[in-house]
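The values are calculated or read from the model by the stated rules, or taken from the named source; none is laboratory data. Bear in mind that the values here come from a model prediction, so they are computed numbers and not experimental data. Here the Cβ positions follow ideal geometry from the backbone for every residue, glycine too, while neighbour counts run over all protein chains shown. Protein only, heavy atoms only, side chains kept; ligands, DNA and RNA dropped before computing areas. Shrake-Rupley method; radii C 1.70, N 1.55, O 1.52, S 1.80 Å.
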Amino acid sequence: MVYFVGAGTGAIDLITVRGMRLLQSADVVIYTGSLVNPELLTYAKKTCEIHNSAYLTLNEVIAIMQNAEAKGETTVRLHTGDPSIYGAVREQMDELDKLRISYESCPGVSACFGAAASLNLEYTLPGISQSLIITRMAGKTKVPNTESIERFAAHQASMAIYLSAGMIEELSGRLIAGGYRKETPAVLVYKATWEDEQAYLCTVETLYETAVAHNISKTALILVGDAIAHQQYQKSKLYSLDFSTAFRRGQEGNGGSDET
């Protein structure tokens, strides 16, 4: 059996309980060494066979899984954050399907949520934004034209931009060209939730100079949107005195219900 496990954002206690238990029981662990905190491997048993996928090809990763399966062993494929976001897991699963090897996924805390926790942010403030766009700049992996930074920026929603720290100058210009005001709040977050985390509040216009000033060109997440400033937002209707839910009747009239 193969388990695709989200390692979380960096802090070793932000892995899920399920993920920790899978690591503890694994016979083989293949971890994303370029991104996963190696301290997470302390959860593995001493007899566990450990491989760093930073040095492996897809075929080599699958061969390790296939060998473990032949011996009746359990494999944990440990991915950074949540495997479903930029995890390149589907291609592995397709190969396992061909080999008729069973697998399951265990979710993890993605970087945008770890960063939000560190900064005490709420991305979906009423009256400001009710959407969070998770995207990236095009690099070796292309991005569809319909998902360009400019097209997403036109919505002026909260945005979390991954895998783009080395292209921040271009990113800044494209965010502004797409519709964000130059003074729109932004945060550059280096290694969210790690012990050496750094976070710098700036604007869309000053993203690049902020990155240069702090020598950040990789392993960073860029957050953009007015929700970052958490000002002039509307309070939730759910807790309003005059708003009714399935659990509480409003004191004045009957409002609609956002929660059943």
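Among the numbered conditions (1) assigned to a helix (DSSP H, G or I); (2) in contact with a Leu (Cβ under 7 Å, 6 or more places away or on another chain), tell me where GLU150 comes up short.
If we test GLU150 against (1) assigned to a helix (DSSP H, G or I); (2) in contact with a Leu (Cβ under 7 Å, 6 or more places away or on another chain), just (2) comes out false.
I'd like the full set of residues that are open to solvent by 60 Å² or more (accessible area, probe 1.4 Å), among the hydroxyl-bearing types (Ser, Thr, Tyr) and assigned to a helix (DSSP H, G or I), limited to region 26-57.
THR42, TYR55
Could you say which residue among SER148, SER118 is within 15 Å of the chain's Cα centre (by Cα) and polar (S, T, N, Q)? If you could, list the steps in order and put the result at the bottom.
Numbers: SER148 fails: within 15 Å of the chain's Cα centre (by Cα).
Testing whether each residue is within 15 Å of the chain's Cα centre (by Cα) and polar (S, T, N, Q) leaves just SER118.
State all residues of region 44-61 that are within 17 Å of GLY81 (Cβ to Cβ) and touching a helix residue (DSSP H, G or I) at 6+ places or on another chain (Cβ under 7 Å); if no residue qualifies, say none. Before you say what the answer is, go through the steps one by one.
Residues of region 44-61 that are within 17 Å of GLY81 (Cβ to Cβ), as a first pass: 53-54.
Within region 44-61, just SER53 meets the criteria.
When you scan region 135-142, do you find a residue that is exposed (fewer than 15 other Cβ atoms within 10 Å of the Cβ), at pLDDT below 95, hydroxyl-bearing (Ser, Thr, Tyr) and part of a loop (DSSP other than H, G, I, E, B), even just one?
Looking only at region 135-142, we keep the residues that are exposed (fewer than 15 other Cβ atoms within 10 Å of the Cβ), and these are 139-142.
With the extra rule that they be at pLDDT below 95, the set shrinks to 139-142.
Remaining after also requiring hydroxyl-bearing (Ser, Thr, Tyr): 141.
Narrowing the set further to residues that are part of a loop (DSSP other than H, G, I, E, B) leaves 141.
There is at least one residue in region 135-142 that is exposed (fewer than 15 other Cβ atoms within 10 Å of the Cβ), at pLDDT below 95, hydroxyl-bearing (Ser, Thr, Tyr) and part of a loop (DSSP other than H, G, I, E, B).
I need the full set of residues from region 91-110 which are closer than 25 Å to ILE12 by Cα, open to solvent by 30 Å² or more (accessible area, probe 1.4 Å) and outside any loop (DSSP other than H, G, I, E, B), in order please.
TYR103, GLU104, SER105
In region 78-88, what residues are open to solvent by 20 Å² or more (accessible area, probe 1.4 Å), in contact (Cβ under 8 Å) with a residue 12 or more places away in the chain and not charged (D, E, K, R)? Spell out the reasoning first.
If we filter region 78-88 for residues that are open to solvent by 20 Å² or more (accessible area, probe 1.4 Å), which is where we start, we get 80, 82, 84-86, 88.
Next cut, in contact (Cβ under 8 Å) with a residue 12 or more places away in the chain only: 80, 82, 84-86.
Matches in region 78-88: THR80, SER84, ILE85, TYR86.
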